1. If I filter segment 259-276 for residues that are assigned to a helix (DSSP H, G or I), touching a residue at least 40 places away in the same chain (Cβ under 8 Å) and of a type outside the set (A, V, I, L, M), do I get at least one hit?
2. Inspect segment 93-114 for any residue being within 13 Å of the chain's Cα centre (by Cα) and assigned by TED's automatic domain parsing to the domain that holds residue 337 and give the result as yes or no.
3. Hey, could you check segment 63-112 for residues that are among the aliphatic types (A, V, I, L, M) and assigned to a strand (DSSP E or B) and say which is surrounded by the most Cβ atoms within 10 Å (Cβ to Cβ)?
4. Output the strands (runs of 3 or more DSSP E) that fall wholly within segment 113-198 and possess 1 or more residues being without any contact (Cβ under 8 Å) to a residue 40 or more places away in the chain and on the phi < 0 side of the Ramachandran plot, or say none.
5. Answer yes or no as to whether residue 52 is modelled with pLDDT under 90 and either surrounded by 14 or more Cβ atoms within 10 Å (Cβ to Cβ) or in contact with a helix residue (DSSP H, G or I) (Cβ under 7 Å, 6 or more places away or on another chain) (or both).
6. Only one residue in 85, 78 is in contact with a His (Cβ under 9 Å, 6 or more places away or on another chain) and farther than 27 Å from residue 334 by Cβ. Which one?
7. Which of the following residues is outside any helix (DSSP H, G or I), among the hydrophobic types (A, V, I, L, M, F, W, C) and buried (at least 20 other Cβ atoms within 10 Å of the Cβ): 285, 334?
Amino acid sequence: MTEKEEFCVADFIQTQKKIAPEMVKLLMDRYHILRLISYHQPIGRRSLSAFLQISERVIRKEVNILKDQNLIEIKAEGMNITESGYTSLEVLRSFIHILKNLNSIEEEVAQKLEIKKVIVVPGLYDEDEFILREIGKVASKYFKSILKDHMIVGVTGGTTISMVADEMIEEDLKHHMMIVPARGGLGKNAENQANHITAKIARKLNCPYELLHMPDNISKDLLESLSKDPNTKEVVDYIKQIHVLLFGIGRADKMAKRRGLSNEKIEELNKKCAVAEAFGYYFNLKGKIIEEVNSVGVSLQTYKNIKNPIGVAAGKEKALAIMPISKLNTNLTLIIDEGLAQEILK
């Protein structure tokens, strides 16, 4: 959609809100119904009613309307969304983005953080966990839009980036790229490890990848020793040349627990006002380094020079962690939910 077209749509929406506000609410309600069907299909009316806290009578009326418009199909095992329904969902997402004036919020957040770009996904993750899937869809779409030939792409671990990989649509982009994990293994959940997510994204984009077979928090002596291994050195060399970095943003206290730090050490970090952890460092709100830890993967200096870092986060609790990370690289594109954007502006 062009800027002129967006303006015309925004103007129409504002007029509609004044003349027929009930139409806007109706569109929002049907968007939520379509969205939930797409996530849980096949799903029955009773389950949908429970999810949305709406009576079965109202649900029956609404799904019949959606069925008549060929947006869903109803079978014995439950309801499924049609291809036309998926198309309508995409249109409705754009509509809601304009309806909520999120373009202006994106500009405000970008100016406050002094970074290149902010993309705000409609909805509050703290109230609706499915917003994380919406963020995954939007982030994967933007991520693919900036990829070019001969790029080296770095990917970190974590729940949010794992969701980006899950929501990424399989597509052969015909780009000659290399995808590598941007950090070592951290925590015990295999699905959220950088290696696992790297392999999943590479398969979906039909491009080669490398893996980093070492934990993130090994000692410096062991790291130096392992780095001499030819296979490990090749991956480390790729990491130093990353063009695009897809990464999640971690709160200092939660990352400290994932790293297995003692309660005493975590308490010490809290006293020093640590709010974020990234690239082997803990930062306070002003972006000052207050603690360094052993870390495998992309270094702080490498991150500062990356042309296309993409940070993805959800939930109001990430606001304080985002502030110092934003100070490290003005090229940052930040993809967040509406609730987190509002929290940052506070």
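The values are calculated or read from the model by the stated rules, or taken from the named source; none is laboratory data. Since we're looking at a predicted model, the values are computed, not measured. With ideal geometry, Cβ positions are generated from the backbone for all residues, glycine too; neighbour counts draw on all protein chains shown.
1. no
2. no
3. That would be 79.
4. Those strands (runs of 3 or more DSSP E) span 178-181.
5. Spelling it out, residue 52 is indeed modelled with pLDDT under 90 and either surrounded by 14 or more Cβ atoms within 10 Å (Cβ to Cβ) or in contact with a helix residue (DSSP H, G or I) (Cβ under 7 Å, 6 or more places away or on another chain) (or both).
6. The match here is 78.
7. Exactly one residue qualifies, and that residue is 334.
The rows are residues; the columns are (1) surrounded by fewer than 19 Cβ atoms within 10 Å (Cβ to Cβ); (2) over 18 Å from residue 38 (Cβ atoms); (3) at pLDDT 95 or above.
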{"site": "126", "(1), (2), (3)": "yes, yes, no"}
{"site": "144", "(1), (2), (3)": "yes, yes, yes"}
{"site": "153", "(1), (2), (3)": "no, yes, yes"}
{"site": "163", "(1), (2), (3)": "no, no, yes"}
{"site": "173", "(1), (2), (3)": "yes, yes, no"}
